[in-house]
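Below is one structure, written out as structure tokens; the observations come after it.
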Amino acid sequence: WHSLGLVSLSWPYSPHSTAFPRARKTTKQRVVLDFRRVVSDLVDPHIDKPGSYSTRVYLHQTEVEFKMYNHSCDEMDRKEGQDIPVRLTSSDMPGVKLNTAVKDASGGKYDLDKGFEIYKEDYILLREKVPELEEWDKSSVIMSKVKENYNMDMWIKQCDKGINSCFVAQGDYDNQLPTFRGCAGTVYPHDEKCAFEKQAVSIVEGKKSVDVGVSLCYCNQDLCNIDLSSSRTISPEVLLTLTLAILTRIGQ
């Protein structure tokens with residue numbers, strides 16, 4: 001059998017799940033596709049391997065390979081949603097006075113001359129004692145390190161035995177581009193191609209409908225479903241199933 005490590009489906013959507021996005025209206029009468037995260041019992045790192053779910057990134061090797069592929073694809077695409085540490089040194093934050101203040105405030109735990117690793121919550125506590133430190137979210141140095149340390153491997157899931165294909169799907173409506181990724185639901189390899197279709201979605205309020213486009217692609221290589229351009233697949237019946245699953249359920 002051919003195993004596929006893939007950038008996994010990030011809920012709320014799978015073509016084989018019962019978790020559907022919802023269409024709703026805002027106060028400005030704008031229709032919004034509500035793609036809130038729904039953790040499914042079909043895709044859950046803890047169920048796949050007990051104790052493996054976590055959003056915390058470790059810069060050292062850990063016994064457990066932590067995963068978060070049940071989160072929203074939007075988090076993955078934006079490189080968000082992880083608790084990421086950074087390593088800070090005196091070259092990042094120069095100044096003898098600043099380092100002395102950091103060492104004194106932490107009882108010697110943190111020393112910029114030696115360098116230290118710190119998570120956001122601990123940095124915020126340290127900054128309460130050393131206000132000269134830049135704010136975490138406003139520091140270009142820290143933000144650069146956070147992006148650099150983002151762990152994409154936490155989104156990779158091993159497909160079930162016999163699964164040969166991955167998929168990536170993207171909705172398109174009013175500048176909303178929700179993306180979904182996952183393992184195909186069948187053991188036979190899909191043709192590698194993409195298809196696009198618009199589907200009318202009813203809106204309860206006013207009994208109107210809007211057209212929402214869905215692109216769906218399949219591919220047959222490991223980690224091939226990172227984006228639409230690296231995948232190429234679909235059959236009309238699968239597209240119809242996907243389109244209906246994504247678009248037909250209406251919000252309350």
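The values are calculated or read from the model by the stated rules, or taken from the named source; none is laboratory data. Keep in mind it's a predicted model, so treat the numbers as computed, not measured. Heads up, the Cβs are rebuilt from the backbone with ideal geometry, glycines too, and the neighbour counts pull from every protein chain shown. Keep in mind that these areas ignore ligands, DNA and RNA; they rest on the heavy atoms of the full protein, side chains included. Shrake-Rupley method; radii C 1.70, N 1.55, O 1.52, S 1.80 Å.
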Summing Lys, Arg as +1 and Asp, Glu as -1, what charge do residues with Cβ under 14 Å from the Cβ of LEU125 carry, LEU125 excluded? 0
Report, in debye and to the nearest 20, how large the dipole of the range 92-199 comes out about its Cα centre when Lys and Arg carry +1 and Asp and Glu carry -1 on their Cβ. 180 debye
To the nearest 20 debye, the range 52-105 has a Cα-centred charge dipole, built from +1 on Lys and Arg Cβ and -1 on Asp and Glu Cβ, of 280 debye
Once you put a point 7 Å from the Cα of TYR119 and another 7 Å from the Cα of GLU134, both along the Cβ direction, what distance in nm separates them? 2.3 nm
Can you figure out the FRET efficiency of LYS161 with GLU80, using R₀ = 45 Å and their beta-carbon distance, to the nearest 0.05? 0.90
What pairs in LYS120/LYS157; LYS79/LYS109; LYS120/LYS198 have C-alpha atoms more than 32 Å from each other? LYS120/LYS198
Contact order relative to length of the range 112-180, as percent, for alpha carbon pairs under 8 angstrom and 6 or more apart: 13 percent
Loop-only check: which chymotrypsin sites (Phe, Trp or Tyr not before Pro) in the range 55-114 are DSSP coil with at most 16 other Cβ within 10 angstrom? TYR58
If you plug each phi of the range 158-165 into the Karplus form 6.51 cos²θ - 1.76 cosθ + 1.60 with θ = phi - 60°, what whole-Hz ³J(HN,Hα) values come out, in order, with x for Gly and Pro? 6, 5, 5, 3, x, 7, 10, 10
By its C-alpha gyration tensor, with a ≥ b ≥ c as the square roots of the eigenvalues, how is the range 99-165 shaped: rounded for a/c under 1.5, else prolate for a/b larger than b/c, else oblate? prolate
Using a 1.4 Å probe on the protein heavy atoms only, what accessible surface does ASP191 show? Give it in Å² to the nearest 10. 110 Å²
How would the range 130-190 be classified by its alpha-carbon gyration tensor: rounded, prolate or oblate, with rounded meaning a/c under 1.5 and the a/b versus b/c comparison settling the rest? oblate
Counting only heavy atoms of the protein chains, get the accessible area per residue of the range 92-168 (1.4 Å probe) and round it to a whole Å² value. 56 Å²
Tell me, in nm to one decimal, what length is gained between THR100 and HIS46 on full extension, where the rule is 0.36 nm per residue of separation less the Cα-Cα distance? 15.1 nm
Normalising by the residue count of the range 65-123, find the relative contact order in percent from Cα pairs under 8 Å and 6+ residues apart. 39 percent
